[in-house]
Amino acid sequence: MATTAPSRRDVLRLSAAAAVAATLTACSSAGKSGGPSASGGRSGRPAVGKGSLTKPPKVPSRLKEAPSLARRVRAGDLPPLAERLPEQPYVVPHRWLSPGKYGGGLLLVGTSTEDGSNKEFMYGHSLLRWLNDGLDIGPGLVHSWEPNADSTEWTLHFRKGLRWSDGRPWTTADIMYWWEDLVLDKEHPEVPPDDVRSGTDTLAKFTAPDDHTLVLTFDAPAPVLPERLAAWVNRGNGATWMQPKHYVSRFHPKYNKAITSKAWFNTHDDLANWATNPACPTMTGWRLASNREGRAVTFERNPYYWCVAPDGCQLPYLDTLTFTTVVDPQVRKLQVTEGKVDYCHGPFVGIGLPDVSSLKQSSKRSGMQVHLWNSGSGTGTLFFFNYDYPDEKLRTLIRKPAFRQALSHAYDREEVRKSVYFNTGEKTTGTTHPTAYEYIVDETGRNTYARWRDSYLTYDPEKAKSMLDELGVVDRDGDGKRELPDGSRLKITLDYPADTDRTNIVKNDVIKKNWRAVGIDTELNPVPPTTFGERWEAGRLMSYTTWEVSDTPLIYPAPVVPVPPAHWAPLHAQGFALQTADPGKLKAQAHEDPWKRQPPWLLAEPDSPIDRLWKLYRKGRVETDRMKQVRLLWEIYKVHIEEGPFLMGCVADAPQVTVVHKDLRNVPARESLAAGGWVNAWTHPTPAVYDPETFYWTNPDQHS
């Protein structure tokens, strides 16, 4: 991977015309910066550095620990620091860091005590780590790794001397327990993650020759394994990857014959959740200290955390993290503006660009400052049709590129940019992550991005009408509404979960207004949230209007390549999965109605867009040459450019809001990040990738 992001134009353009946009400008220093400086102070202070080192820093000769831990060592309650750290601790490589101070706690707000986003602050279970906003990969629990010549075998070397938060040794047996006794167990519901599938979708073979070495053997090349190992938060939103065998095996019937319940895994998994069970060991910077269910959870410093700052201080600097549950979104915002919260990652709690003005106005009283990090979204809130809609007449029309292109030209994205994104970001037809490697690697990459972004972007209602006329989608009875080519009724429903947020509702209203203006009968259709996903995957809904795209397809193919059923071709996606998971079912159900099959599925017609996307995706997954892999991605995007849009985005890379107390340091400013941020992708877990363990107070005694 490239070590730094090649320069590309600033995609954050602030408008002085709107009050909120003016406030956003006030939150930024020169250029595309935003919020406090790299040291966490007021805007205008020069950043310490940009991005992260790609070569692991040397371990400092002198290592230090928190005074509270030193006291425990002297009292005999804790082993010395040298016995708590691995032989080669991980040295956090970010250039923006300044030496910190120990002490104090961080007050945060969450939506529940079981909120999975709490884990997104901690990257400690990750085998490898993203650096430079996804442009590079660095070590994690694994300190070195290498493939064989064709990437069919990967050897992972873990740090020696790692310890769980209870002081017990971490070994590869903890991974083998997860793999053999949970994933491969016929009763346990955990399924294998994509991380350990080869380019042909078959599972790797796991072997652990010793306590610190893991070998993954595939039947086909697996060149993107490092990217997959860096993605997500393990034991969180991502795969589990490890469990403390010495603790959790007592809840497994294989190791405890007293367990006879067929549902043993429910108790096992509840007790294995380190974010709700204080007794469960963890590898993160903080361990759970208390869980006041429904009210608050507090995490305390992990004495055995395996990471240090560049000056040798064992991390974290902060003693505690406390997440207080506030269900009402307006009360959450009030707590931030009143200064009752020290740090707030906006996407987790419903705070965004519409709130910047009030946050700025209250900053003197609250002591809170706004950071703007790039979302990394290639679409903003998007729309896509169900390519596999059961009504044959509508499905035929939906699959015509000219129909989707006409509707894209009938869509006024500038109105959404103003009303939802406050004139930030850039208008787009809809792409993947705008600063992905395949776009910034060279001029061809930059041109590919620009072509896709601009492909059907122009707002031109007259052109849209003309294209619809050419398709035979005309008003035959003079009621102002166009009919299908055979004269039957045409009605588009904008389907969305009824509890969706304002961003999606406003965008849907704009689409409804725009498409009605060119004669397309369009209606909003709120769907009960509890049934939306099931109905979508069964192919029963016409459209999806609440997603966005921030990833790149070889790490997370959806929704660019229709592989998971949650996206634009749900039945095709089921068919793709069954090709390897249960090919016998494809043969047995070949003559059944596709929408009545269980699960409903379709296979791609030869040389159809989906057929070509699948073939390119499969080639990309086994291609070991980086530039050849990039060219295959360009071919995938070419299908979207020439036969799309399959996805209709609106605004790319609009910023996300993070609110930070003025006395909190080492929270990076946007200008300190290699690509300004990549917030929206769960595969790039923010803020975990920026190591909150390095955050510190200038005045810790005032925040205890």
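Elements of the type helices (runs of 4 or more DSSP H) sitting completely within the stretch 358-449 and holding at least 1 residues that are outside the structural domain of Leu541 (by TED's automatic domain parsing): these cover 363-366. Does any residue of the stretch 58-81 turn out to be part of a loop (DSSP other than H, G, I, E, B), modelled with pLDDT of 95 or more and within 24 Å of the chain's Cα centre (by Cα)? Within the stretch 58-81, none of the residues are part of a loop (DSSP other than H, G, I, E, B), modelled with pLDDT of 95 or more and within 24 Å of the chain's Cα centre (by Cα). A Cβ distance below 7 Å, combined with a sequence gap of six or more or placement on separate chains, defines the contacts here; from the stretch 166-192, residues that are at positive phi reach residues that are assigned to a loop (DSSP other than H, G, I, E, B) in the pairs Gly167/Tyr304. Every residue in the stretch 270-326 that is in contact (Cβ under 8 Å) with a residue 24 or more places away in the chain, out of contact with any Phe, Trp or Tyr (no Cβ under 7 Å at 6 or more places or on another chain), among the hydroxyl-bearing types (Ser, Thr, Tyr) and not in a loop (DSSP other than H, G, I, E, B), please. Scanning the stretch 270-326 gives Thr298, Thr322, Thr324, Thr325.
Of the numbered criteria (1) over 20 Å from the mean Cα position of the chain (by Cα); (2) more than 30 Å from Lys101 (Cβ to Cβ), the one Thr694 fails is (2).
Annotation: of all residues in the stretch 186-215 being assigned to a strand (DSSP E or B) and of a type in the set (A, V, I, L, M, F, W, C), the one that is nearest to Leu616 (Cα to Cα) is Leu203. Counting only strands (runs of 3 or more DSSP E) that sit completely within the stretch 90-185, those holding 3 or more residues that are assigned by TED's automatic domain parsing to the domain that holds Val336 correspond to 105-110. Restricting to the stretch 456-509, name every residue that is assigned to a loop (DSSP other than H, G, I, E, B) and basic (Lys, Arg). Across the stretch 456-509, the qualifying residues are Arg476, Lys481, Arg482. Residues that are among the small types (Gly, Ala, Ser) and crowded, with 20+ Cβ neighbours inside 10 Å within the stretch 544-590 comprise Ser550, Ala569, Ala573, Gly575, listed in sequence order. So for the stretch 78-91 (the condition being closer than 23 Å to Gly138 by Cβ and of a type in the set (S, T, N, Q)), does at least one residue qualify? The answer is yes; a qualifying residue exists. What number of residues in the stretch 420-448 are touching a residue at least 40 places away in the same chain (Cβ under 8 Å) and charged (D, E, K, R)? Qualifying residue count, the stretch 420-448: 4.
Within the stretch 360-399, the set of residues being surrounded by 19 or more Cβ atoms within 10 Å (Cβ to Cβ), farther than 30 Å from Thr552 by Cβ and in contact with a Pro (Cβ under 9 Å, 6 or more places away or on another chain) comprises Gln369, Leu397. Could you grab me the full set of residues in the stretch 495-543 that are out of contact with any Leu (no Cβ under 7 Å at 6 or more places or on another chain), charged (D, E, K, R) and surrounded by 15 or more Cβ atoms within 10 Å (Cβ to Cβ)? Answer for the stretch 495-543, where residues must be out of contact with any Leu (no Cβ under 7 Å at 6 or more places or on another chain), charged (D, E, K, R) and surrounded by 15 or more Cβ atoms within 10 Å (Cβ to Cβ): Lys507, Asp509, Arg516, Glu537, Arg540. When you check Arg516 against the structure, is it modelled with pLDDT under 95 and in the same structural domain as Glu534 (by TED's automatic domain parsing), yes or no? Answer is no for this residue. When Asp388 is tested against (1) under 30 Å from Leu69 (Cβ atoms); (2) touching a His at 6+ places or on another chain (Cβ under 7 Å), exactly one condition is not met: (1). Of the residues that sit in the stretch 452-503 and are closer than 21 Å to Ile641 by Cα and of a type in the set (A, V, I, L, M, F, W, C), which one is nearest to the chain's Cα centre (by Cα)? In this case the residue turns out to be Trp452.
On the stretch given as the stretch 574-627, residues that are under 25 Å from Met542 (Cβ atoms) and either in a loop (DSSP other than H, G, I, E, B) or polar (S, T, N, Q) (or both) total 17.
The values are calculated or read from the model by the stated rules, or taken from the named source; none is laboratory data. What you see is a predicted model; the values in this text were computed from it and never measured. Virtual Cβ from ideal backbone geometry, glycine too; neighbours counted across all protein chains shown.
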